[in-house]
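What follows is one structure encoded as structure tokens, with my remarks underneath.
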Amino acid sequence: MTDWIGNVFTSDVGWTHLERLVDIGTRMAGSDGEREAAELTRDALADAGARNARLESFDIQGWTREGSEITAGETSQNCIALPRSPADRATAPLVDLGYGLPADFEATDLEGAIVMVRSDIPDYYDRYLHRREKYYHAVENGAVGFVYRNHVEGCLPPTGSVGTDEDPIGEIPAVGVSSEVGARLARRFDGEEIELTVEADISPATSQNVHAELGPDTDECVLVTSHVDAHDIAEGAADNGAGTAMVVELANALAAREDDLETRVEFVAYGAEEVGLVGSNYHAERADYDAIKAVVNNDGVVSDRTLSLTTHGFDGLESAADEIADRYDHPIETVPKLGPHSDHWPFVQWGVPGYHVKSTSDEVGRGWGHTFADTIEKLEPRTLREQAILLTDLVVELAREDATVEHRDPDAIAADLEAQDLADGMRVTGDWPYDERSD
């Protein structure tokens, strides 16, 4: 029976929720806006027909920007503080380290310097380097300040958090600058003394996860997730209002197909993702991994018409996605490598099957994401609806009683991280969880 497909393709439930989220204003972790977004999402899931819609609160280290500045020569250069940067000032020579590859840090004396790195990687490099990895390479090598230069043109300084689970506030002041300001700093002030200042209010705060359920009351479940928070400088439409709108749209579609669900589906919209996956870590630490059949984490959907599913080496996840693509004669990209970022990872790192669901992209990095330009008019309702049809059937497929995706041994996950050159970066950022398992 395919009536549900027409219902999804004409639905405005998810898009309306996206509009409500972006109209809140700031959804920064721990803010009143994040709380409002969580409450709206809870109510939207309940209105869709999900049961037991609720909020689960937890404590976080709050961070609120108050100002930032780079003074170079007689000029003031536009910048924005990176969340969880300490409120601090550094005066030191600027070192432009280009892409900021690990070898660049090893080859350069950064003791007592302010280091600037780009947000992308060169074409020949075989993996993406996360901002926090570059930041902690700078810290390890004695830098006293960090400047993160956007590679996307358009006078768009990038944001994104620093800090670790153990030390939520970073060790040196950190700011983002646009591609144009970065080029100016490199041209005029490389090797010259500059001053970097970050002002922020750092105090305890509260975030929350949103939970709701559909389907039979089984011990096993399929998790359908997103994160509801966003950086405070923009609407957070693509990152990740669209992901949470997708969760609401899927709940609406699956409620109409509840008789097709053979396993409980739990919807979770996490808080505080942008400051270190705090909400999903909080959930994962209290979860029964054996009871989770799969995680379908929506973070980066709707930006492009074609879905891209990172499958983390789980063959069953890849085959399930291929089955849906064949069923609809519609492309779905699958990426078998590991992706240790976003809210699937606290589960996947311990062997729980999990997708990172996003859109295909030829760009390196986040594009408009984490900038002022992450706004709703860059997204299309038809893309949300098309992707919702595919993901609805994927969830039903995963929820079948006879659908089994074998969990992986955490040691195998750790070995893959080593083989894919991800382990050293995770150790630098304090995200390597396998110390008791590794020599």
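The values are calculated or read from the model by the stated rules, or taken from the named source; none is laboratory data. Just so it is clear, the model here is predicted, and its values are computed rather than measured. Don't worry about glycine lacking a Cβ; one is built from the backbone with ideal geometry, like all the others, and counts go over all protein chains shown. Only protein heavy atoms, including side chains, enter the accessible area calculation; ligands, DNA and RNA are left aside. Shrake-Rupley method; radii C 1.70, N 1.55, O 1.52, S 1.80 Å.
Yes/no per residue for (1) outside any helix (DSSP H, G or I); (2) open to solvent by less than 40 Å² (accessible area, probe 1.4 Å); (3) among the charged types (D, E, K, R); (4) more than 30 Å from SER179 (Cα to Cα):
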residue: GLU19; (1), (2), (3), (4): no, no, yes, no
residue: SER57; (1), (2), (3), (4): yes, no, no, yes
residue: ARG89; (1), (2), (3), (4): yes, no, yes, no
residue: ASP104; (1), (2), (3), (4): no, no, yes, no
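Looking for whichever is in a helix (DSSP H, G or I) and either under 17 Å from VAL222 (Cβ atoms) or modelled with pLDDT of 95 or more (or both) here; the options are ASP416, ASP402. Which one fits? First the steps, then the outcome.
Working: ASP402 fails: in a helix (DSSP H, G or I).
Selected residue: ASP416, the only one of ASP416, ASP402 that is in a helix (DSSP H, G or I) and either under 17 Å from VAL222 (Cβ atoms) or modelled with pLDDT of 95 or more (or both).
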Give the residue that is most open to solvent (accessible area, probe 1.4 Å), with candidates limited to residues of segment 322-345 that are within 24 Å of HIS231 (Cα to Cα) and assigned to a loop (DSSP other than H, G, I, E, B). HIS341
SER319 passes all but one of (1) among the small types (Gly, Ala, Ser); (2) assigned to a helix (DSSP H, G or I); (3) open to solvent by 20 Å² or more (accessible area, probe 1.4 Å); (4) within 15 Å of LYS358 (Cα to Cα); which number fails? (4)
Out of the residues in segment 106-151 meeting the condition of being touching an Asp or Glu at 6+ places or on another chain (Cβ under 8 Å) and surrounded by fewer than 21 Cβ atoms within 10 Å (Cβ to Cβ), tell me which one is nearest to ALA174 (Cα to Cα). VAL139
Among the residues of segment 121-128, is any in contact (Cβ under 8 Å) with a residue 24 or more places away in the chain and either within 20 Å of GLU180 (Cα to Cα) or of a type in the set (Gly, Ala, Ser) (or both)? yes
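Quick test for you: out of ASP416, ASP431, ASP393, ASP435, pick the one residue that is open to solvent by 60 Å² or more (accessible area, probe 1.4 Å) and not basic (Lys, Arg).
Working: ASP416 fails: open to solvent by 60 Å² or more (accessible area, probe 1.4 Å); ASP431 fails: open to solvent by 60 Å² or more (accessible area, probe 1.4 Å); ASP393 fails: open to solvent by 60 Å² or more (accessible area, probe 1.4 Å).
The unique qualifying residue is ASP435.
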Checking TYR128 against (1) of a type in the set (Phe, Trp, Tyr); (2) at pLDDT below 95; (3) assigned to a strand (DSSP E or B), the condition it does not meet: (3)
When restricted to LEU254, LEU223, LEU196, LEU250, the only residue closer than 20 Å to PRO158 by Cα, at pLDDT 95 or above and open to solvent by less than 10 Å² (accessible area, probe 1.4 Å) is LEU196
